[in-house]
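See structure below.
The values are calculated or read from the model by the stated rules, or taken from the named source; none is laboratory data. In this text the structure is predicted, and so the values were computed from the model without any measurement. In this analysis, Cβ positions are derived from the backbone assuming ideal geometry, glycine residues included, and neighbour counts consider all displayed protein chains.
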Amino acid sequence: MAPLVYIMAILGCGDDGAACTRERIAPASYTSVAECRAAMPAMLARNTDLSYPVVSASCERGDAQIVERLPVSPQRSG
């Protein structure tokens with residue numbers, strides 16, 4: 001059985017925060033919903049280019065197929 005992972009969906013919403021549309025999936029996966037939620041502020045700060053009055057995020061259960069398709073970000077040295 002594959003391990004459970006979470007992905008973060010970046011959402012574009014109307015003025016009232018309703019009627020949100022999934023615009024992209026963040027290029028990372030998380031081992032718990034708490035880890036995903038902790039990463040939300042930084043990930044939202046990197047996604048301010050969306051043309052919506054409200055940009056939000058949602059942590060969702062993912063599977064191996066989704067995680068395999070996520071873009072690979074370069075490893076930081078240090």
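Give the residue, chosen from 68, 23, 35, 60, that is part of a helix (DSSP H, G or I) and either at pLDDT 90 or above or not acidic (Asp, Glu) (or both).
It is 35.
Residues that are hydrophobic (A, V, I, L, M, F, W, C) and closer than 14 Å to residue 62 by Cβ within segment 11-38 comprise 25, 26, 28, 33, 36, listed in sequence order.
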